[in-house]
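Colleague: The structure is given below, and queries will be raised subsequently.
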Amino acid sequence: MKTLTKFVIVLTAILMSGCANWTTPAGGTETGAELCRQWGKSLPTRSRQDTQQTADEIQEAYAAFSLACPEWAHLIP
């Protein structure tokens with residue numbers, strides 16, 4: 001989960017830097033689309049053996065991805 005958190009921070013920094021009046025979603029640019037594709041491929045999958053904490057962390061990861069990349073929601077496992 002630490003890797004995912006770092007990725008979210010980096011993605012947010014990239015999207016926020018120099019984009020004060022940028023209003024398109026993350027996938028609205030070629031770079032944004034590639035970031036969303038890579039992030040979507042790295043999303044964790046659920047398992048019956050997940051603890052409640054793990055299940056909560058996975059759900060948070062899915063929610064963050066959905067907010068940042070709504071047009072890529074089909075990548076959520």
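The values are calculated or read from the model by the stated rules, or taken from the named source; none is laboratory data. Remember, predicted model here, so these are calculated numbers, not experimental data. When we count neighbours, we look across all protein chains shown, and the Cβ atoms used for this are built from the backbone with ideal geometry, even at glycine.
Colleague: Counting only residues that are of a type in the set (A, V, I, L, M) and either over 9 Å from the mean Cα position of the chain (by Cα) or in a loop (DSSP other than H, G, I, E, B) (or both), which one in segment 58-77 is nearest to ARG46 (Cα to Cα)?
Modeller: Of all residues in segment 58-77, those of a type in the set (A, V, I, L, M) come to 58, 61, 63-64, 67-68, 73, 75-76.
Checking which are either over 9 Å from the mean Cα position of the chain (by Cα) or in a loop (DSSP other than H, G, I, E, B) (or both) leaves us with 58, 73, 75-76.
Working: ILE58: 7, ALA73: 16, LEU75: 14, ILE76: 11 Å.
Within segment 58-77, the match that is nearest to ARG46 (Cα to Cα) is ILE58.
Conditions (1) surrounded by fewer than 12 Cβ atoms within 10 Å (Cβ to Cβ); (2) at pLDDT 95 or above; (3) in contact with a strand residue (DSSP E or B) (Cβ under 7 Å, 6 or more places away or on another chain), marked per residue:
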residue	(1), (2), (3)
GLY32	no, no, no
ARG37	no, no, no
LYS41	yes, no, no
PRO44	no, no, no
SER47	yes, no, no
GLN52	yes, yes, no
CYS69	no, no, no
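Colleague: Okay, next question. Would you confirm whether or not segment 17-25 contains a residue that is exposed (fewer than 14 other Cβ atoms within 10 Å of the Cβ), at pLDDT below 65, part of a helix (DSSP H, G or I) and not acidic (Asp, Glu)?
Modeller: No.
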